[in-house]
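Peer 1: Next up is a structure, given as structure tokens.
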Amino acid sequence: MFDETRSTLAGHDQTTVRGLVDPAGTDGFAIASLVCGLLGLVPLGVVFGWRALVRIGGSGRSGRGLAIAGLTLSVAWLGLGVSLITTGPKHVTQAAPGPDYIQGMAIGDCLDADGEQVIRAACDAPHDEQIADRVDVSGGYPSYPGLTTLRELAQPLCRIAGAAYFTHGTPLSGLEFLAHIPTESSWNAGAREATCTFGKPDGKLTGPLQP
């Protein structure tokens, strides 16, 4: 029986091709790494890619390029995520204007006062006060002298400055002079001036006050 089989095979034309046999085809972890890299599944892409390279190095399987591509894509996704976190839009919470904000306004500016807060306002619309001048209330004090002491210094100086504001006319009737004095925090930051303003005790100013 064996001889007949050999005889039958020997009667056919055959071509023998010799070459290396692929032990197991493309490594599955390499394929998985590439797919995860494309989808942005960074942890899986890295793990599968690393695992594929280890296995390919020991087994001779193909897929090294796929594993490297998967690792590269995963690293790229990781870099993009870090970039978005560090350079993405930042929402800055701005503090509400406090009593010291008036120090940043100019003489002639108008404002609305809400308790200890002041807010810049348009002078041609109803508003609470208009800045007339600034006066020095340092008084030679090496440290913050307190609100009462500063108020006693500022009030007469602001009354004089308010009267001097109207250099070419007479002040409107019904105006009062107010003094915004430095708080302890602004004093410690170097503020030594009180801001003198005009206002009305019984309502709002309806337009700009011209000197």
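Peer 1: Whether any residue in the stretch 163-175 is closer than 21 Å to Leu111 by Cβ and within 42 Å of the chain's Cα centre (by Cα) is what I want to check.
Peer 2: no
Peer 1: Confirm whether Ile68 is under 30 Å from Ala121 (Cα atoms) and at pLDDT 75 or above. Show your work before the answer.
Peer 2: On the way: under 30 Å from Ala121 (Cα atoms): no; at pLDDT 75 or above: yes.
In short, no.
Peer 1: If I filter the stretch 180-192 for residues that are touching a strand residue (DSSP E or B) at 6+ places or on another chain (Cβ under 9 Å) and at pLDDT 90 or above, do I get at least one hit? Before you say what the answer is, go through the steps one by one.
Peer 2: Applying the first criterion (touching a strand residue (DSSP E or B) at 6+ places or on another chain (Cβ under 9 Å)) to the stretch 180-192 yields 180-182, 192.
Remaining after also requiring at pLDDT 90 or above: 192.
Yes, the conditions are met somewhere in the stretch 180-192.
Peer 1: Spot the failing condition for Ile102; the list is (1) surrounded by 17 or more Cβ atoms within 10 Å (Cβ to Cβ); (2) of a type in the set (A, V, I, L, M); (3) modelled with pLDDT of 90 or more, and only one is missed.
Peer 2: (3)
Peer 1: Further question on the same structure: If you go through the stretch 80-99 one residue at a time, how many are at pLDDT below 70 and surrounded by 10 or more Cβ atoms within 10 Å (Cβ to Cβ)? Full working, then the answer.
Peer 2: Start the filter on the stretch 80-99 by keeping residues that are at pLDDT below 70, which leaves 86-99.
From what is left, the residues that are surrounded by 10 or more Cβ atoms within 10 Å (Cβ to Cβ) are 97-99.
Residues meeting the conditions: 3.
The values are calculated or read from the model by the stated rules, or taken from the named source; none is laboratory data. Owing to the predicted nature of the structure, the values given are computational and were not obtained by experimental measurement. Note that each Cβ is placed from the backbone with ideal geometry, even for glycine, and that neighbours are counted across all protein chains shown.
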